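Working notes for the structure below.
Coordinate-derived values only; no laboratory data. Just so we're clear, the structure is a prediction, and the values are computed from it rather than from any experiment. Here the Cβ positions follow ideal geometry from the backbone for every residue, glycine too, while neighbour counts run over all protein chains shown.
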Amino acid sequence: MTGSSNPFVSLRIVLVRHGLSSFNVEHRIQGRDDLSDLTEAGIQQAADTGEALRDLHIDAAYTSPLRRASATASRLLQAQGQGLRAQPINDLLEIDLEPWSGLLRQEVKERFPAAERQWREAPQNLELQRSDGSGYRPLIELMEQAERFRLGLLQRHAAALQGQASETVLVVGHNAILRALVLRLLNLPASGFRRLQVDNASISVLNLDGTAGVGGGAVQIESLNGTAHLGTPLPSKGSGARLLLVRHGETDWNRQGRFQGQIDIPLNANGHAQAEAARSFLANITLQRAYTSVMARPRQTAETILRSHPGVPLTSTTGLVEIGHGLWEGKLESEISSGWPQLLADWKQAPQTVQMPGGETIQEVWDRSVGCWQSIAASLDPKETALVVAHDAVNKTILCALLGLTPADIWTIKQGNGGVTVIDYPTQQSGPVVAALNLTHHLGGVLDRTAAGAL
């Protein structure tokens, strides 16, 4: 599969949550109060994050003015070594949970059981009361705040979004505001809040192009919640089942930009190296099961990863097979452009409208891949972790479904060859959580530098 992978990034946004704080350690609600400081571990996390970003040129940096965030930004930028200072922005303040701030999480459960359950299950509907007696909806206010920051950011970097430059900005904030900002960038509602995870000092990267000027253009999630730079390859697993979704390693056709689809092209030497890197990255993760497409490139990737997990059964399934490109398979984009110029343009701009000549639609891939994924997830015991190795279009449809996006949004998701995504199914909530997306630290750093070619 080939499509709009945003080859020219007008504006790259690097999101970092503050390092471990004293209230994090004590399991207290922090909210908007400025009563919490970085711990020694949090200070080290900030420095490690700056070191991880050392090779990245940052044009501007913004931070919440709260101490735990501003201290993280300061330590991070000092370690990053570029001499930047972060500008405090009030619209990066954490969510306002005034009546709960400073309380232990257990105290909130005991004193406000109904509201605490609402916060966990449907936070967009939570209503609280301020000390002056006024009622408010914390997450709805935060979403409005995130939208103000988004608009201000786009205005401040209008030149990049008008195609006059390519810029990278650093945003240091808090758990809830960063999740709200991701939702606003993706034009998703507040009901998606619990679908995302943002750990202390984690790195997330989103790319914007300039196709719509200062309106922001297309948004691409390059990665979410990377923590490998802190010495923890994956976010910690909770009480529920976990699935690790991996895209296969590179093939010669990926490198050449040919549409592969359902032609069974094997891994090339670099692809085998990427699979080996993924094996090492996941070597210490306990797996109970593994699943793969019946095609060679994901199966070879899965078999390499499982060399560190002897005895784990590998199941092949047609539900995870790549999109059928029909008559486009084996062709370069230039060849397709000559024969099907309008259809190729539609594929890049409105993929949900395209019937591949002799092939599939994205909706057909969505139906079988998401159905297959849901069957695998439903079969897992809460203690189990399963590996799933598949293809670009398959992974993108699964992730769009998990995030609340649609088949029209597949270009929003980036899947690098050998990239690792983590999906959790917590027992304490009804829906899945995208705990991390497209982790590629094991392949050479914070940014995904794998081939941007065809599937």
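Odds and ends about this structure:
- Bridges between two residues of the chain, per DSSP, are antiparallel at a rate of about 50%.
- Between Gln106 and Glu144, the contour length at 0.36 nm per residue exceeds the Cα-Cα span by 10.8 nm.
- Dividing the C-alpha radius of gyration of segment 324-393 by 2.2 N^0.38 Å, with N its residue count, gives 1.46.
- Cut-off under 5 Å, modelled amide H: who pairs with Gln260 long-range: Gly330, Leu455
- Sorting Tyr62, Tyr291, Tyr136 from the fewest to the most surrounding beta carbons within 10 angstrom yields Tyr136, Tyr62, Tyr291.
- Only Lys, Arg (+1) and Asp, Glu (-1) charged, at Cβ; the chain dipole about Cα centre in debye: 380 debye
- Each principal axis of the chain carries a Cα extent, and these read 66, 52, 39 Å when sorted largest first.
- On Cα atoms only, tilt of 175-185 relative to the major axis of the chain in degrees: 50 degrees
- For segment 330-338, the Karplus equation 6.51 cos²θ - 1.76 cosθ + 1.60, evaluated at θ = phi - 60°, returns couplings of x, 9, 7, 4, 4, 5, 5, 4, 6 Hz by residue, with Gly and Pro reported as x.
- Size-normalised alpha-carbon gyration radius of segment 64-144, reference 2.2 N^0.38 Å: 1.40
- 222 nm mean residue ellipticity, helices alone, for the chain (DSSP H n ≥ 4; -39,500 (n - 2.57); rounded to 500): -10000 deg cm²/dmol
- Under-18-angstrom lysine pairs by C-alpha in segment 241-443, whenever the two are 8 or more apart or on separate chains: 4
- Between 0 and 90 degrees, the angle of helix 67-80 with respect to the longest Cα principal axis of the chain falls at about 50 degrees.
- Size descriptors for segment 241-315, from the alpha-carbon set: Rg then Dmax equal 12.5, 38 Å.
- Kirkwood hydrodynamic radius computed over segment 11-226 comes to 17.6 Å, based on all pairs of distinct alpha carbons.
- Peptides 103-109, 431-437, ordered by how many other C-beta atoms sit within 10 Å of their residues on average, highest first, read 431-437, 103-109.
- Equivalent-ellipsoid semi-axes for segment 369-455 (Cα gyration tensor, √(5λ), whole Å, largest first): 23, 16, 12.
- Taking amide H positions as modeled 1.01 Å from N, with prolines and chain starts lacking one, the residues under 5 Å from Ser293 and 5 or more places away or on another chain are Thr317, Val389.
- 0 to 90° range, to nearest 10: angle between helix 269-281 axis and the chain longest Cα axis: 30 degrees
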